[in-house]
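Let me begin by presenting the structure, written as structure tokens, before commenting on it.
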Amino acid sequence: MLRESSQFHQVSRPVNAADPADFRRIYNEVMQLLFKVSYRIVNDEEAAEDIVHDSLIKMNEKEMVFPSMDDAKYWLIRVVKNASLNYAKRKMRERKAYEKALREDTRKIDSGETELLKADAVDRTKQALAKLPENLRVVLILREYSELNYKEIGRVLGITEGNVKVRVFRAREQLAKLIGEDDVYMP
């Protein structure tokens, strides 16, 4: 009688994703479900499989421990869903950019007048840039000419990423006022 009651009251033990046996158990129990979730979103078998595998690897590398198998499953579903949505959005943006590039006329030839206007814009921008306070000028130069991202600029200057964003915004704002245009062309 004691054996029977223990079967009905099984205590779920924690599931450690870094433990090979637990990882295999998680994989076997949720792989097909995760694949279905991802495939329904991205509509691409190879991409869905990659997303699921990446999510499982992330869970393993982070050595995540879940109170139960259900907790592991629900966490993975959220991760796979979000990764799949991000993938689908990225693919949509890529497709739109590709379609736009195909529609644009690539046979445009700059006239002498256009070249002169561009040269004038470059000169005015350089002059206005020189008038900016140094802290704003430096972040703008690093962002536009060095093509560093905000985090990298923050590391270079020893300031927070948020501070970099604020300075870039203010620099562009002041540059636009100095040039007298809303659309600042950075040569």
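Observations on the model:
- Any hit, region 151-164, residues being of a type in the set (A, V, I, L, M, F, W, C) and either in contact with a Ser or Thr (Cβ under 7 Å, 6 or more places away or on another chain) or outside any helix (DSSP H, G or I) (or both): yes
- Across region 121-156, the number of residues qualifying as surrounded by fewer than 16 Cβ atoms within 10 Å (Cβ to Cβ) and at negative phi comes to 16.
- Once region 46-77 is narrowed to residues that are of a type in the set (V, I, T) and buried (at least 20 other Cβ atoms within 10 Å of the Cβ), the residue that is farthest from L33 (Cα to Cα) is I51.
- Candidates are the residues of region 134-158 that are out of contact with any helix residue (DSSP H, G or I) (no Cβ under 8 Å at 6 or more places or on another chain) and closer than 19 Å to E173 by Cβ; the one that is modelled with the lowest pLDDT is Y145.
The values are calculated or read from the model by the stated rules, or taken from the named source; none is laboratory data. All values reported here derive from a predicted model rather than from experimental measurement. When we count neighbours, we look across all protein chains shown, and the Cβ atoms used for this are built from the backbone with ideal geometry, even at glycine.
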